[in-house]
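K.L.:
Here it is: the structure, laid out below.
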Amino acid sequence: MKKALLSVALTLLALLMMTPALADRMYVLPESDQRRLTWEEVAEWDYESLGYAYNEIFARHGYCFEAGKAYDNYFRAMPWYTPNADPRNQVACYPKLTSVEWYNVELIKQVRAAKKDDDSGRSIWDSFSTGFDALQGFSYVRLRSGQKLAVYTAPDDDSVRGAEGKAVASTNGAIYAAGWEGDWLLVMYETNAGAVRVGYINGNKVRGGVPLDTSLRFDHCAATVLAACCLTDDPATCSTTIVQLRPGAQVTWLTRFYNNTAWDYVEVTVDGQTARGFVPVGCLSISYGADPLEQISTGY
């Protein structure tokens, strides 16, 4: 499976202002604790999503999932989830379930069993927001679960690698991709610490393949740093710094990305290694060529 670690960055203010529609998006089956569901509405979901719908009923009552695994990561990212104080007492929630909830538990179990070899239906990963300020041009990619993929800042396994050389994207969490540069896929994902990382994974190392055929188009323009700035691989929370760029430094401008602001995506050399990352628009003087409007691409 893939995904998880969603909505970690939700604040208390956001919770207080939450609309019913937004609250519903935090549950696979929002009414599974209120009424008996029907086979038809449960069967709208795919096999994988029904695993989350099933466990969601227990999670509402504090069920403790295996630490670090997909369900644990997923539900701990939900602001409504409060695990039982004693994680060894997993069954403490059982007496709290109502007859309606037990009915839905059995129903979901039966529907899921019937869909074991059928991958049709809605996916929860199409229904939830990323939980962070995602870059435009990245979309969720459904990768085979159980993989840990090395992530580099540039499409080269000799390039700078985040997390002190240990950056890894787990396919048990949500991974979003923008496209390919050769055999390398530009991805965005949320780390266990709640930060966001953008980097490259080697597509040849992905078991089961990648359902995306978009190619990246970068401009590779010369650029000069005008104002001191941090080069980051986290354009959502800016919690990591690859290197400090000083005025006058020469970099290669690749393209421009947008979320709630605009970012220039650049390539630099750090201690002899290639690194790519983001700086806020306005920090660079870019030599676009004869026609800047034609030179600037969207990045996807």
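No lab work stands behind these numbers, since they all come straight from the coordinates. All values reported here derive from a predicted model rather than from experimental measurement. Counting neighbours? That spans all protein chains shown, and the Cβs are built from the backbone with ideal geometry, glycine included.
K.L.:
Neighbour counts of other C-beta atoms within 10 Å: give me Tyr74, Tyr258, Tyr52 arranged from fewest to most. Don't skip to the end; give the middle numbers.
P.N.:
Numbers: Tyr74 27, Tyr258 14, Tyr52 23.
Least to most surrounded, the residues fall as Tyr258, Tyr52, Tyr74.
K.L.:
Follow-up. Which of Arg276, Arg217 comes first, and how do the rest follow, when ranked by fewest Cβ neighbours within 10 Å? Working shown, then result.
P.N.:
Values: Arg276 26, Arg217 13.
Listing Arg276, Arg217 from fewest to most nearby Cβ atoms yields Arg217, Arg276.
K.L.:
Order 282-288, 59-65 from most to least packed using the mean count of other Cβ atoms within 10 Å. Walk me through the intermediate numbers first.
P.N.:
Working: 282-288: 15.7, 59-65: 20.6.
Packing order, densest peptide first, comes out as 59-65, 282-288.
K.L.:
Residue-wise, which Karplus ³J(HN,Hα) couplings in Hz belong to the range 141-150, taking 6.51 cos²θ - 1.76 cosθ + 1.60, θ = phi - 60°, and x for glycine or proline?
P.N.:
Those phi angles translate into 10, 8, 10, 4, 6, x, 10, 10, 10, 4 Hz.
K.L.:
Now a separate question. Sorted by packing (mean other beta-carbon atoms within 10 Å per residue), highest first, where do 30-41, 173-184 land?
P.N.:
Values: 30-41: 13.3, 173-184: 20.2.
Averaged packing, sorted descending, gives the order 173-184, 30-41.
K.L.:
Of the listed peptides 218-225, 80-87, what is their order by residue-averaged count of other C-beta atoms within 10 Å, with the highest listed first? Show your work: numbers first, answer last.
P.N.:
On the way: 218-225: 16.4, 80-87: 13.6.
The most tightly packed comes first, giving 218-225, 80-87.
K.L.:
Could you give the size of the charge dipole of the range 138-281 about its Cα centre, using +1 on the Cβ of each K and R and -1 on the Cβ of each D and E, expressed in debye and rounded to the nearest 20? Walk me through the numbers on the way to the answer.
P.N.:
Values: 12 positive and 14 negative charges, 83 e Å.
In total the dipole reaches around 400 debye.
K.L.:
Using the Karplus curve 6.51 cos²θ - 1.76 cosθ + 1.60 with θ = phi - 60°, what ³J(HN,Hα) values do you get for each residue of the range 44-51, in whole Hz, with x for Gly and Pro?
P.N.:
My calculation for the range 44-51 gives 5, 8, 7, 4, 4, 4, 5, x Hz in order.
K.L.:
Which ³J(HN,Hα) values, rounded to whole Hz and listed in residue order, are derived for the range 218-225 from phi using the Karplus coefficients 6.51, -1.76 and 1.60 in 6.51 cos²θ - 1.76 cosθ + 1.60 with θ = phi - 60°, glycine and proline given as x?
P.N.:
Computed from phi, the couplings for the range 218-225 are 10, 9, 6, 9, 5, 8, 10, 6 Hz.
K.L.:
Right, next: Give me, ordered by chain and number, the residues 5 or more places off Gly62 or on other chains with an amide H under 5 Å from its own placed amide H.
P.N.:
Those lying under 5 Å, H to H, from Gly62 are Thr82.
K.L.:
How would Leu254, Leu185 line up from fewest to most surrounding beta-carbon atoms within 10 angstrom? Please report the intermediate quantities before stating the final value.
P.N.:
Working: Leu254 21, Leu185 25.
Lowest to highest Cβ neighbour count: Leu254, Leu185.
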